[in-house]
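Asker: My questions will all concern the structure given below.
The values are calculated or read from the model by the stated rules, or taken from the named source; none is laboratory data. Being a predicted model, the structure only gives us computed values, none of them experimental. Ideal geometry is used to build each Cβ from the backbone, glycine not excepted, and the neighbour counts take in all protein chains shown. Remember, those area values only see protein heavy atoms, side chains included, never the ligands or the DNA or RNA. Shrake-Rupley method; radii C 1.70, N 1.55, O 1.52, S 1.80 Å.
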Amino acid sequence: VIPVLSYPSVRDAVAWLGAAFGFIERVRIGEDHRSQLSVGDGAVIVADTGGNRRPPDATVITHSVTVRVADVQAQCEQALREGATLVMESTEFPFGERQCTVQDPWGHQWTLSETIADVAPEECCGETVTPA
């Protein structure tokens with residue numbers, strides 16, 4: 001799954017995501033139309049706001065993106081230095097993750113997640129589901 005996020009300026013978003021989260025631009029389509037970025041094993045597409053695509057509304061959260069990182073605290077501090085807004089401070093959860101959430105300057109929310117323990121779902125919060 002590769003989410004597509006709309007930004008008013010693809011180039012500005014690519015630069016910010018690289019500086020804040022270490023994303024690397026892999027594919028560029030047009031100067032300010034669309035770019036695919038990678039980070040670790042994940043990817044995201046940054047798209048312009050043409051046609052019916054709109055940037056997020058800061059008063060309504062319609063989505064968030066979770067990014068697996070090696071060090072939540074360090075990555076959160078880097079994002080804040082780059083102008084992110086802190087939504088949720090670094091918190092350790094019983095499901096074995098340390099997470100924080102930041103909002104980028106355009107209103108997209110990003111949850112940074114670091115595995116701190118290998119916890120079976122049955123031990124913390126749910127159950128493992130086996131597809132039929």
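Asker: Give me the pairs, please: first residue somewhere in the range 90-113 and free of Cβ contacts under 8 Å to residues at least 24 places away in the same chain, second residue anywhere and among the aliphatic types (A, V, I, L, M) and open to solvent by less than 30 Å² (accessible area, probe 1.4 Å), beta-carbon distance under 8 Å, and either six or more positions apart or on two chains.
Answerer: Note: pairs meeting the criteria are SER90/VAL72.
Asker: Within the range 109-120, does at least one residue satisfy the condition of being open to solvent by less than 70 Å² (accessible area, probe 1.4 Å), aromatic (Phe, Trp, Tyr) and over 26 Å from ALA47 (Cα atoms)?
Answerer: Checking the range 109-120: not a single residue is open to solvent by less than 70 Å² (accessible area, probe 1.4 Å), aromatic (Phe, Trp, Tyr) and over 26 Å from ALA47 (Cα atoms).
Asker: Being of a type in the set (Asp, Glu) and under 26 Å from VAL4 (Cβ atoms) is the filter here, so list the residues in the range 64-118 that pass it. Outline the logic, then answer.
Answerer: Taking the range 64-118 and keeping what is of a type in the set (Asp, Glu), we get 71, 77, 82, 89, 92, 97, 104, 114, 118.
Of everything in the range 64-118, those that are of a type in the set (Asp, Glu) and under 26 Å from VAL4 (Cβ atoms) turn out to be GLU82, GLU97, ASP104, GLU114.
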